[in-house]
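Nothing in this text is a laboratory measurement; each read-out follows from the coordinates by a stated rule. Small disclaimer: the values here were computed from a predicted structure and weren't measured. Cβ atoms come from the backbone with ideal geometry, glycine included; neighbour counts cover every protein chain shown.
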Amino acid sequence: MTSWMHYNPVRIDAGAGGLARVAGHVPPWGDVLLVTTEGFVRRGQADEVRTVLGAERVHVYAEVTPNPELDALDLAKRRFADLQPSAIVALGGGSAIDAAKALSVILDSAQSAPLEHALRQGAGQAWDKAIPVVAIPTTSGTGAEVTPFATVWDSVHHRKHSIAGDAVFPAVAILDPELALSLPEKETLHTALDAISHAMESLWNRNRTSVSEVFAAQALALAVDALPRVLGEPGNLSARSAMQQASLLAGLAISQTRTAIAHAISYPLTSHYGIPHGLACSFTLPNILSEYLQQNEELRFRSLLTAAGGLLEGLDLRVRVAEYATVAQIDALRSEMFQPGRADNYVGVPDLDRFLR
């Protein structure tokens with residue numbers, strides 16, 4: 001019998017009208033830092049949060065961009081170093097939530113540039129405390145609202161880093177499918193592909209447990225059914241809700257297993273060529289799945305994985321990737337695709353010749 005453990009301390013609050021419930025998860029005292037994007041400021045959702053919490057106590061950081069940058073976050077740390085907020089509210093997709101989680105562990109640092117020091121200079125991570133984060137995802141993909149890591153990017157050196165540790169878990173995740181209704185088609189697809197990647201990579205993962213398997217399988221089943229409906233009917237609230245649940249469950253799975261070879265392949269492609277993360281980590285999944293099914297004839301989730309593979313094949317992912325990089329350009333980055341802690345989580349033997357063909 002294999003030994004395993006499971007831990008996830010995030011309180012999950014799901015249902016419509018999520019922004020109105022923020023105050024119930026934030027201390028009634030002290031300043032609050034709202035981490036979001038210019039789009040949510042422009043569309044008024046940031047003001048809704050400010051009104052609910054009290055505008056005078058909410059300080060807004062709206063400079064989050066896709067793939068949050070190490071240097072930008074260190075700059076934000078210096079900007080808000082004297083704030084000492086009682087909570088951080090993250091409103092947006094995975095990038096906003098990752099930025100909030102990063103700020104939650106670095107704002108109190110004695111270093112003026114803690115990410116530069118810990119990640120770029122290699123001093124190592126020791127995040128032992130954090131400002132509580134209330135995460136409100138507006139996309140259905142990363143599951144960042146329930147994971148103990150945050151992704152930051154170093155465009156200077158074309159590297160991706162993970163801030164990791166129990167302190168990085170958000171305190172609360174507020175799920176409201178209505179916030180995803182206006183998400184454009186391309187972003188809907190790319191983020192959903194990330195959730196599917198998380199679910200599949202958790203199922204063929206060396207670190208999988210009885211609990212993570214259940215989360216991943218249910219996430220994949222929901223996504224296989226919901227994604228075609230969301231793409232065909234963007235205003236379908238039931239489908240949006242199912243896709244949001246799939247993202248959450250896949251996030252709960254990878255919070256235990258982490259991701260595997262498909263994500264390892266993706267990181268240099270996003271860093272060098274700007275391939276959206278969900279697309280970059282999913283276009284190899286059909287080939288990885290084919291090998292995995294051949295090597296494992298008796299699989300508990302074989303029919304589910306086969307259905308997911310069929311869905312992915314029908315989305316022409318290779319054609320979509322070709323809009324950003326050629327086959328030769330992708331092949332040129334092979335040496336950067338074996339990131340430890342990701343590539344070696346795959347239960348099979350990573351074969352880039354087969355996965356990238």
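Can you work out the Karplus-derived ³J(HN,Hα) for every residue in region 128-138? Use 6.51 cos²θ - 1.76 cosθ + 1.60 with θ = phi - 60°, whole Hz, and x for glycine or proline.
Using θ = phi - 60°, the values come out as 9, 8, 8, 6, x, 10, 9, 9, 10, x, 10 Hz.
What distance in nm lies between label points placed 7 Å from Cα along the C-beta direction at S86 and R43?
2.9 nm
Can you list residues from other chains, or at least 5 along the same chain, whose modelled amide H is less than 5 Å from the amide H of E69?
When sequence neighbours closer than 5 places are left aside, the close amide H contacts are W153.
Label points 7 Å out from Cα along the Cβ direction at E297 and D31: separation in nm?
6.5 nm
Report, in debye and to the nearest 20, how large the dipole of the chain comes out about its Cα centre when Lys and Arg carry +1 and Asp and Glu carry -1 on their Cβ.
Using only the charged Cβ atoms, the result is roughly 220 debye.
How far is it, in nm, from the label point at N207 to the one at Y273 when both lie 7 Å from their Cα along the line to the Cβ?
So the two model labels end up 2.7 nm from each other.
Say we join alpha carbon atoms closer than 10 Å with springs in a Gaussian network model of the chain; which of S255, S109, S241 then has the biggest fluctuation?
Of S255, S109, S241, the most mobile in the Gaussian network model is S109.
List the residues whose amide H sits under 5 Å from the amide H of A90, counting only those 5 or more places along or on another chain, with H placed 1.01 Å from N in the peptide plane.
V35, V134, A135, I136
In terms of modelled amide H atoms, which long-range or inter-chain residues lie less than 5 Å from the amide H of R159?
Excluding prolines and chain starts, which carry no amide H, the hits are D154.
Need the full-extension length gain, D353 to R229, defined as separation in residues times 0.36 nm minus the C-alpha distance. One decimal, nm.
Gain on stretching D353 to R229: 41.2 nm.
Placing +1 at every Lys and Arg Cβ and -1 at every Asp and Glu Cβ, with all other atoms neutral, what dipole size does region 184-355 have around its Cα centre, in debye to the nearest 20?
Working: 13 positive and 18 negative charges, 62 e Å.
The dipole of region 184-355 has a size of about 300 debye.
Sorting L179, L252, L333, L293 on the 10 Å Cβ count, fewest up front, what's the list?
Listed from fewest to most nearby Cβ atoms, that is L293, L333, L179, L252.
Would you please put 243-249, 116-122 in order of how densely packed they are, using the mean number of other Cβ atoms within 10 angstrom per residue and starting with the highest?
Those peptides, ordered most packed to least, come out 243-249, 116-122.
Once phi is turned into ³J(HN,Hα) by the Karplus curve 6.51 cos²θ - 1.76 cosθ + 1.60 with θ = phi - 60°, what whole-Hz value does each residue of region 140-149 show in order, with x for glycine and proline?
With coefficients 6.51, -1.76 and 1.60, one gets 10, x, 6, x, 4, 5, 10, 10, x, 8 Hz.
Multiply the residue separation of Q329 and M5 by 0.36 nm, subtract the distance between their alpha-carbon atoms, and state the gained length in nm to one decimal. Spell out each step's value before the answer.
Values: separation 324, 0.36 × 324 = 116.64 nm, distance 4.10 nm.
Gain on extension, Q329 to M5, equals 112.5 nm.
Give me a comma-separated list of calculated 3J(HN,Hα) values for region 76-91, in order, Karplus coefficients 6.51, -1.76, 1.60 applied at θ = phi - 60°, integers in Hz, x for any Gly or Pro.
Values, residue by residue: 5, 4, 5, 5, 10, 4, 8, 6, 6, x, 7, 7, 10, 9, 9, 10 Hz.
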